[in-house]
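One structure is given here, and the rest of the page talks about it.
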Amino acid sequence: QVQLVESGGGLVQAGGSLRLSCAASGIIFSIKTMGWYRQAPGKQRELVATFTISGSPNYADSVKGRFTISRDNANNTVYLQMNSLNPEDTAVYYCTATVRRTPLVPIRDYWGQGTQVTVSS
């Protein structure tokens, strides 16, 4: 199995910053992509930032210029630096990774349990 464990969420005032981390562990042959989604109450889960297959970052328009995704390939970890947070960023943030566990099995997507980010006005 593959586990994704997020950390770094919490409560912050508007204008503040948080840094989320997500570490993948388990039986991992390769990781194709890693990224972050979020889901606010009453809304659908939406993309925040991911790395494409080519390794380029891809951001939602709502976070461009404020959030930065980065990755530590050696440690199968992805980060999300979130600056200039506003109440609309309040959501549960989920880490996701597209993983090939062994050379013989197809790749599949895995999700973390989520970490709550709350931005107060």
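For Arg100, Arg38, Arg19, give the ranking by accessible area with the largest first, probe 1.4 Å.
Ranked from most to least accessible, the order is Arg19, Arg100, Arg38.
With r defined as the distance between the Cβ atoms of Val105 and Ala40 and R0 fixed at 35 Å, what FRET efficiency is calculated, to the nearest 0.05?
Efficiency, rounded to the nearest 0.05: 0.55.
Give me the net charge for the shell around Asn83: Cβ to Cβ below 15 angstrom, other residues only, Lys and Arg +1, Asp and Glu -1.
Charge balance in the 15 Å sphere: +1.
Please give the length that would be gained between Asp72 and Ser120 if that part of the chain were fully extended, namely 0.36 nm times their separation in residues minus their C-alpha to C-alpha distance (nm, one decimal).
Extra length from Asp72 to Ser120 when fully extended: 14.2 nm.
Quantify, in whole percent, the carbon and sulfur part of the accessible surface of the range 1-89 (1.4 Å probe; protein heavy atoms only).
On the range 1-89, the fraction of accessible area on carbon and sulfur atoms equals 48 percent.
Could you order Leu11, Leu104, Leu20 by accessible surface area, starting with the largest, using a probe radius of 1.4 Å?
Per-residue accessible area, sorted high to low, gives Leu104, Leu11, Leu20.
Probe of 1.4 angstrom, ligands and nucleic acids ignored: what's the accessible area per residue over the range 8-91, in square angstrom?
52 Å²
Treating only the Cβ atoms of Lys and Arg (+1) and Asp and Glu (-1) as charged, compute the dipole magnitude of the chain about its Cα centre; round to the nearest 20 debye.
So the magnitude is around 260 debye.
The values are calculated or read from the model by the stated rules, or taken from the named source; none is laboratory data. Because the structure is a prediction, the values reported are computed rather than measured. Here the Cβ is made from the backbone with ideal geometry for all residues, glycine too, and neighbour counts use every protein chain on show. Surface areas here come from the heavy atoms of the whole protein model, side chains and all, with no ligands, DNA or RNA. Shrake-Rupley method; radii C 1.70, N 1.55, O 1.52, S 1.80 Å.
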